[in-house]
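Below is one structure, written out as structure tokens, with a few remarks after it.
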Amino acid sequence: MNVYHAPGWQSDWLNAWLAALGVTRLLSNARLAWSEDVVPHAIFYIEESDFAATLASAFPTEDALNQLAVARSHPKAEFEFPRKVTRKECADRAALARCSHDGSLEALVTDLVESKISECADGPFNPPMQRGITLYERLLDMRRALEPDASQMTADSLRGVGSRVQKNGLGFDIRRFPTGAQASADVWVDPVIEFLCFYGLLLFPVRGTTKDRIGRQRRWLEVPSKSHAFTWPVWNQPLDVWAIDALLDMVWPESAAKRNAILGVQGMYGTVALKPKSSSDVSRGYGSERLW
């Protein structure tokens, strides 16, 4: 296999970590490991000689995205899929998701809520959005931003010199704020990271709700506003998507050092949430802190 280092995708950047997982979801033969630097970066193992071009060629087209179970309008759906989803709308799309083995619906919402509640609960990776914009519409926006040369943009992003566009991305990367924490400032994102990040989210289904009616998503232990509510590991051996899927259920911040060493886990990070300026501020952002 060929080995490709991605110095631009560092483990302390949550969206880059999710994007790296997204690569293994789109390329079934890709393996992912992390370097042993002070701040590890992604390392990919793949047979193809041009990793960036191979990855860019695997990006689903806009037509393919329109077939997702979470698309605003779907030719086989009875209802539209709005920002806030009712049980009936969710059931409509769940039938489509099961038929096509589409994990996009469960990565965003759950209908496992109290019987008296008519709306589904959003997962922490499906944050509030202004003007009723859905996460699918943001994904579509990122796909369009990858044209006309997705291959070059991917290569630049992997090297850490990727182009940024003045958009909100998926809406939870704290690095999109130029000054760090000003919701009113212009926001900029790397469309390659944001697009692949969505496919990383497919490994994090939402199941049931917390006491605050927030969707209980995989590896989220607390409400999003609390420090270290979500934790993520880095590892030194090349793993495919299913090995990563298994690892995510095996390692936690409090795991014994010997167990972590056996699993090849060399570090763990936790989220640090952006604090909204007011109760009406819907801006969300997750930074990180190394736990060990």
Open item on the list: Need pairs with beta-carbon distance below 6 Å; first residue of a type in the set (Val, Ile, Thr) and within the stretch 145-164, second open to solvent by less than 80 Å² (accessible area, probe 1.4 Å); sequence gap 6+ or separate chains.
Closed with: Thr154/Ala52; Thr154/Leu55; Thr154/Ala56; Thr154/Val192
Open item on the list: Looking only at the stretch 207-223, filter to residues that are at pLDDT below 90 and assigned to a strand (DSSP E or B); which one of those is surrounded by the most Cβ atoms within 10 Å (Cβ to Cβ)?
Closed with: Gly215
- [ ] Would you check if there is a residue in the stretch 130-147 being in a loop (DSSP other than H, G, I, E, B) and closer than 26 Å to Phe51 by Cα?
- [x] yes
Open item on the list: Out of the residues in the stretch 224-237 meeting the condition of being in contact (Cβ under 8 Å) with a residue 40 or more places away in the chain and open to solvent by less than 60 Å² (accessible area, probe 1.4 Å), tell me which one is nearest to Val282 (Cα to Cα).
Closed with: Pro224
- [ ] Please find, within the stretch 148-170, the residue that is surrounded by the fewest Cβ atoms within 10 Å (Cβ to Cβ) out of those that are assigned to a helix (DSSP H, G or I) and charged (D, E, K, R).
- [x] Arg159
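Matching residues to (1) acidic (Asp, Glu); (2) more than 28 Å from Trp232 (Cβ to Cβ); (3) open to solvent by 10 Å² or more (accessible area, probe 1.4 Å); (4) not in a loop (DSSP other than H, G, I, E, B):
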position: Arg25; (1), (2), (3), (4): no, no, yes, yes
position: Pro60; (1), (2), (3), (4): no, no, yes, no
position: Arg83; (1), (2), (3), (4): no, no, yes, no
position: Lys88; (1), (2), (3), (4): no, yes, yes, yes
position: Ala91; (1), (2), (3), (4): no, yes, yes, yes
Open item on the list: For Leu170, only one of the following conditions fails: (1) of a type in the set (A, V, I, L, M); (2) touching a Cys at 6+ places or on another chain (Cβ under 8 Å); (3) more than 24 Å from Gly103 (Cα to Cα). What is its number?
Closed with: (3)
Open item on the list: Can you find a residue that is outside any strand (DSSP E or B) and open to solvent by 60 Å² or more (accessible area, probe 1.4 Å) anywhere in the stretch 196-206?
Closed with: no
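The values are calculated or read from the model by the stated rules, or taken from the named source; none is laboratory data. Quantities reported herein were computed from a predicted structural model and do not represent experimental measurements. Every residue, glycine as well, gets a Cβ built from its backbone with ideal geometry; the counts of neighbours run over all protein chains shown. Protein only, heavy atoms only, side chains kept; ligands, DNA and RNA dropped before computing areas. Shrake-Rupley method; radii C 1.70, N 1.55, O 1.52, S 1.80 Å.
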